[in-house]
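Structure, as structure tokens:
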Amino acid sequence: RILVRERINKLLAGIFEYPLFIVAAPMGYGKTTAVREFLRSRETNQIWVSLAASDGTMSFFWDRLSRQIELSNKILGEQLKSLGYPSDAPQKAKVLEILTETEYKKDTILVIDDFHLASSPENVSLLNNIVREQIPNLHIVLIMRDMKNMRLAELTSLCSTMTLHSLKYERNEIVQYFKFMHYTPSSEELETVARYSGGWISMIYLLIVGLKKGIQAGISSTIDELV
């Protein structure tokens with residue numbers, strides 16, 4: 001069961017307007033869930049690359065990327081896999097040539113989840129090069145915890161971002177989530193959850209579970225242990 005937030009879906013519609021869309025927020029803000037649920041109802045070709053088990057190496061990144069692309073486009077995936085990670089200028093040029101010559105008949109969304117685990121200068125540079133090509137119908141979505149390694153100045157017009165300021169739950173959404181969790185709060189409980197959680201859905205969930213068990217909302221050792 002997922003609470004649909006139309007406000008977030010409207011913001012995520014920007015995925016189709018830019019070559020690159022970045023969703024960045026700390027753990028527990030619902031980044032992956034928001035993107036996955038938004039794309040679930042869209043008629044697109046989706047390539048989902050999860051880097052949750054990444055060891056930080058470029059070889060892992062390239063192997064995972066090419067394998068997932070192969071599931072959607074066998075020829076393209078095999079070409080990228082056989083080429084290997086583009087470690088020099090000629091190889092990068094070859095990768096760009098392969099990607100730009102591929103025809104994407106409908107919107108193709110390449111989602112790279114947990115990209116912060118592979119945001120090396122080499123990977124960031126490669127993605128920047130791909131984005132600058134503005135390949136028709138190809139959109140890249142990066143889901144990450146922070147953007148400290150990203151160089152976005154040169155991609156200002158080609159990139160859009162969504163941060164925790166958008167992802168955090170607003171007061172009316174917290175009210176909706178209480179209903180979603182089948183709990184009717186007192187006005188004091190609602191205000192305490194809104195204030196103490198700061199809109200962080202992981203904390204909101206834990207606080208409501210606590211309320212259901214008779215644990216007063218707010219600072220408590222029990223909630224701190226759960227967090």
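The values are calculated or read from the model by the stated rules, or taken from the named source; none is laboratory data. Note that the structure is a prediction, hence the values are computed from the model and not measured. A quick note on method: Cβ atoms are made from the backbone with ideal geometry, for glycine too, and the neighbour counts reach across all protein chains shown. What goes into the accessible areas is simple: the full protein's heavy atoms, side chains included, and nothing from ligands, DNA or RNA. Shrake-Rupley method; radii C 1.70, N 1.55, O 1.52, S 1.80 Å.
Structure data summary
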{"read-out": "Cα gyration tensor of region 71-111 - equivalent ellipsoid semi-axes, whole Å, descending", "value": "19, 12, 9"}
{"read-out": "Carbon/sulfur fraction of accessible area - region 1-101, other protein chains in place, 1.4 Å, %", "value": "52"}
{"read-out": "Cα-centre dipole for the chain with unit charges at Cβ (Lys and Arg positive, Asp and Glu negative), debye to 20", "value": "460"}
{"read-out": "Accessible area of region 1-47 divided out per residue, in Å², using a probe of 1.4 angstrom", "value": "52"}
{"read-out": "Region 117-227: mean projected area of Cα convex hull, nm²", "value": "9.6"}
{"read-out": "Stretch gain in nm, segment MET27-ASN45, where the contour uses 0.36 nm per residue and the Cα spacing is subtracted", "value": "3.8 nm"}
{"read-out": "Region 1-85: Rg to Rh, with Rh as the Kirkwood radius over Cα pairs", "value": "1.01"}
{"read-out": "Where ASP55, ASP88 fall by accessible area, highest first, once all protein chains stay in place (1.4 Å)", "value": "ASP55, ASP88"}
{"read-out": "Rule-of-thumb Rg ratio for region 128-178 [Cα; 2.2 N^0.38 Å; N residues]", "value": "1.56"}
{"read-out": "18 Å Cα-Cα reach of LYS31 towards aspartates and glutamates, excluding residues that sit fewer than 8 places from it in its own chain", "value": "GLU6, ASP113, ASP114, ASP146, GLU170, GLU173"}
{"read-out": "Semi-axis lengths, Å, the chain, gyration tensor of Cα atoms, sqrt of 5 times eigenvalues", "value": "39, 18, 15"}
{"read-out": "Residue among THR156, LEU142, LEU167 farthest towards the positive dipole end of the chain, charges placed on Cβ", "value": "LEU167"}
{"read-out": "Pairwise Lys count, region 126-227 - Cα closer than 22 Å, eight or more residues apart or different chains", "value": "4"}
{"read-out": "Neighbour count of at most 15 Cβ within 10 Å plus DSSP loop: longest trypsin sites (Lys or Arg not before Pro)-free window in the chain", "value": "43-104"}
{"read-out": "Accessible solvent surface per residue of region 91-134, calculated while the other protein chains remain in place, 1.4 angstrom probe, Å²", "value": "44"}
{"read-out": "Debye log10 I(q)/I(0) for region 1-46, one point scatterer per Cα, at q = 0.18 Å⁻¹", "value": "-0.56"}
{"read-out": "All-pairs Cα distance distribution in region 40-160, expressed in whole percent, bin size 10 Å", "value": "12, 48, 36, 3"}
{"read-out": "Along principal axes, Cα extents of region 35-111, largest first, whole Å", "value": "39, 31, 18"}
